[in-house]
Every structure is written in C-alpha cells, then in structure tokens.
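Participant: Got a structure here, written out as structure tokens. Questions coming.
The values are calculated or read from the model by the stated rules, or taken from the named source; none is laboratory data. Small disclaimer: the values here were computed from a predicted structure and weren't measured. Here the Cβ positions follow ideal geometry from the backbone for every residue, glycine too, while neighbour counts run over all protein chains shown. Surface areas here come from the heavy atoms of the whole protein model, side chains and all, with no ligands, DNA or RNA. Shrake-Rupley method; radii C 1.70, N 1.55, O 1.52, S 1.80 Å.
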Amino acid sequence: VSSIGKPLWRAGSGMPVCTVPGVQSRPAVIPFGEDKTLVAWQDLSGTQTELYADLLNVFGESEWGRDGKLLASVDGSSESQDLHLARSSSEDILLYLTRVGGPTYSTLLVRRGEVAAKNTAPTQIFEPSDEDLHVFDLSDGWLAIRGTHVQRIVLKDEEVFSSAPLAWIRDFPGIQDVQAVILPEGEIQICWEQVEGIDFDIYGYRGRVE
C-alpha cells in the first residue's frame, strides 16, 4: 500500500509473480532501490531445488520477465527448507537456502546495488543442522550463525566464501533453539537452550565481532 493506505497492486487477489505448473514455495522478499522489491522463491517440481527471483516495480510489474529468472540449482529438493535474503551495508544481497537437518547454501543476487553480472553455483556454508539460520550485516560482509556454528561470509569477485568456523560456543549434545542479536556496540549476544536429561536451562554468550 501507499503512504496513505491506498493499494498500489491489485487489491484482494494480489498480483501474480510466478504461476508456472509445479511447486513454487518459500518466497523471500527484500526492498531494492527506492521503490522496487526483490522476490526470491524455490521450485521443487523436479529432482533439484531451482532458485528463482524477480524484480518488481512499485506497481507489481516484473522487470525480469514473467515467472522470474532462474538463478541456480541445488541437488535434492525438500519442503523442509527455507529461503532468506540478507543485505549488507554496501548494498550486496545474498540468497540463503537452509534445509532442516541439511546444509546451508548461499549465492549472490545483487552486487553494490546492481544485479549480479553472473550467476554462480551456490556455496555450502554450513554442515547439516536442525537449527535456524541467523545472518547479520557487517561492514565487510556478514556474520552467519546456525546452531553453535558461527562464521564470517565475504564476497570475492561475486563469489561467496565462508571463513573457518569461529569457536564461540562448544558444540556438544543438548544445545538447541539458538537465538542471536547484534548490539550497537559491535558486540553479539547469543542465547540458547541447554537440555541435560529432564533439565532445560538457558545459557548465553556475549562477545565482540572483530
């Protein structure tokens, strides 16, 4: 809707973004430029997960062609996976694919405010896990957390690279439901649930992002 509450797109039924036959699911949305929206989703119609995206203007009209643009494919497909879009302070946008009980992949969509010149194969940045993904913007990349695993994500020539895992939390059985937040002082606060037998406790860690 507009700033005065008037619908800009078709009211009630909405505007179609992708209507091809098959299973299109898990849409992720992020602002792009002054009045556009970047939408990403997955197609599970085949044996692979195909990742698509489209750039929509203020009226909901496609700028990349109806039904979007194929970005990349990842082996295997599952309904138990989610997509995330994360922006950096330098106007880079990454697309993350996270599978429940599986790995996390990432690929570049936008570089310095412009659509990436080439589409590269998604990079695996985390080993299989049941935990949610948390991504935070840093001045020179991103900080990604999944479960007890923490690592920096950076770009080199439009390709995604992950650092060696940062050893902030011991990885041992019983840790679950990890939550994290970046604080204004440049520190990070992580909290998690620790299960030992019938005891459920809450633990926390706070440290500086170097």
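Participant: Out of (1) among the aliphatic types (A, V, I, L, M); (2) open to solvent by 10 Å² or more (accessible area, probe 1.4 Å); (3) assigned to a strand (DSSP E or B), the odd one out for Ala121 is which?
Facilitator: For Ala121, the failing item is (3).
Participant: Continuing with this model, one more query. Could you say whether any residue in the stretch 54-72 is open to solvent by less than 50 Å² (accessible area, probe 1.4 Å), within 23 Å of Val178 (Cα to Cα) and of a type in the set (S, T, N, Q)?
Facilitator: no
Participant: Next up: If you check Ser89, Ser129, which single one turns out to be loosely packed, with under 13 Cβ neighbours inside 10 Å and among the hydroxyl-bearing types (Ser, Thr, Tyr)?
Facilitator: Ser89
Participant: Of all residues in the stretch 92-107, count the ones that are under 25 Å from Gly186 (Cβ atoms) and either outside any loop (DSSP other than H, G, I, E, B) or open to solvent by 20 Å² or more (accessible area, probe 1.4 Å) (or both). Break it down stepwise before answering.
Facilitator: Restricting attention to the stretch 92-107, the residues satisfying the condition of being under 25 Å from Gly186 (Cβ atoms) are 92-94, 96, 104, 106.
Then keep just the ones that are either outside any loop (DSSP other than H, G, I, E, B) or open to solvent by 20 Å² or more (accessible area, probe 1.4 Å) (or both); that gives 93-94, 96, 104, 106.
Total meeting the criteria: 5.
Participant: Quick one: in the stretch 13-53, which of the residues that are outside any loop (DSSP other than H, G, I, E, B) and β-branched (Val, Ile, Thr) is surrounded by the fewest Cβ atoms within 10 Å (Cβ to Cβ)?
Facilitator: Going through the qualifying residues, I end up with Val29.
Participant: Report whether or not Leu83 is touching a residue at least 60 places away in the same chain (Cβ under 8 Å), within 22 Å of Val160 (Cα to Cα), open to solvent by less than 50 Å² (accessible area, probe 1.4 Å) and not charged (D, E, K, R).
Facilitator: No; evaluated as a whole, the condition is false for this residue.
Participant: Also, I was wondering about something else. Just one of (1) closer than 23 Å to Pro16 by Cα; (2) not in a strand (DSSP E or B) trips up Glu131, so point out which.
Facilitator: (1)
Participant: Is it the case that the stretch 71-88 has a residue that's among the hydrophobic types (A, V, I, L, M, F, W, C), more than 19 Å from Gln151 (Cβ to Cβ) and part of a loop (DSSP other than H, G, I, E, B)?
Facilitator: Checked against the condition, which is being among the hydrophobic types (A, V, I, L, M, F, W, C), more than 19 Å from Gln151 (Cβ to Cβ) and part of a loop (DSSP other than H, G, I, E, B), the stretch 71-88 yields no hits at all.
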